[in-house]
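Peer 1: Below is the structure I would like to discuss, written out as structure tokens.
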Amino acid sequence: RVREYLKMQFAELQHEVFGVLWLDARHAFIRDEQMFRGTLTQTSVYPREVVKSALLTNAAACVVYHNHPSGAAEPSRADELTTSAVRQALQLVDVKVIDHVVVGRAGTVSFAERGLL
């Protein structure tokens with residue numbers, strides 16, 4: 001359901017969006033927060049701001065996501081580095097990143113399913 005929701009919301013955007021689905025300790029949905037908006041090819045992501053939002057939301061876990069306006073959902077090396085930085089920052093405040101989903105027009109790619117988390 002998460003992948004379907006994200007594809008429906010972000011597959012057709014003409015700019016990149018990086019967001020977070022905040023979850024409680026039982027992985028129940030708290031809210032969807034679109035945190036950063038970028039250009040056609042990139043978005044700047046600030047782990048400090050992600051941690052700040054996690055604390056304000058009182059989240060225990062999350063699914064991060066972003067879209068690729070090009071249509072291809074294949075994660076880049078930059079996507080992997082961003083995921084690692086966000087994940088490390090959130091670990092410091094005991095918030096678990098359970099997945100990073102990349103959304104393209106044709107489909108989605110899950111970091112968890114690919115063993116990238």
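Peer 1: How much length is gained on full extension from LEU92 to LYS52, taking 0.36 nm per residue of separation minus their Cα-Cα distance?
Peer 2: That pair, LEU92 and LYS52, stretches by 13.2 nm at full extension.
Peer 1: While we're looking at this one, here's another question. Assuming 1.002 mPa s and 20 °C, estimate D for segment 6-105 with Stokes-Einstein, Rh taken as the Kirkwood radius over Cα pairs, in µm²/s. Intermediate values should be presented prior to the final figure.
Peer 2: Details: Rh = 13.4 Å.
After rounding, the answer is 160 µm²/s.
Peer 1: Once you have all Cα-Cα distances for segment 70-117, histogram them in 5 Å bins from zero and send the whole-percent values.
Peer 2: 5, 22, 28, 23, 13, 6, 2, 0
Peer 1: Further, regarding this structure: Pick from ARG105, ARG77, ARG31: which residue has the top mean-square fluctuation in a GNM of the chain where Cα pairs under 10 Å get a spring?
Peer 2: ARG77
Peer 1: Something else: Compute a Gaussian network model of the chain, connecting alpha carbons closer than 10 Å, and tell me which residue from ALA61, ALA106, ALA11 fluctuates the most.
Peer 2: Fluctuation is largest for ALA106.
Peer 1: Further question: With the full set of protein chains in place, find how many percent of the accessible area of the chain is carbon and sulfur; take the probe as 1.4 Å.
Peer 2: Taking all protein chains in place, the chain shows 50 percent carbon and sulfur surface.
Peer 1: Just round it to a whole percent: the fraction of Cα-Cα distances in segment 21-61 exceeding 13 Å.
Peer 2: Result for the distance tail: 56 percent.
Peer 1: Based on Cβ point charges of +1 for Lys and Arg and -1 for Asp and Glu, what charge dipole magnitude is obtained for the chain about its Cα centre, in debye rounded to the nearest 20?
Peer 2: That gives the chain a dipole magnitude of about 100 debye.
The values are calculated or read from the model by the stated rules, or taken from the named source; none is laboratory data. As the structure is a prediction and not an experimental result, all values here were calculated from the model. Neighbour counts are summed over all protein chains in view; Cβ atoms, including those assigned to glycine, are modelled from backbone coordinates with ideal geometry. Heavy atoms of the whole protein, side chains included, go into the accessibility calculation; ligands, DNA and RNA do not. Shrake-Rupley method; radii C 1.70, N 1.55, O 1.52, S 1.80 Å.
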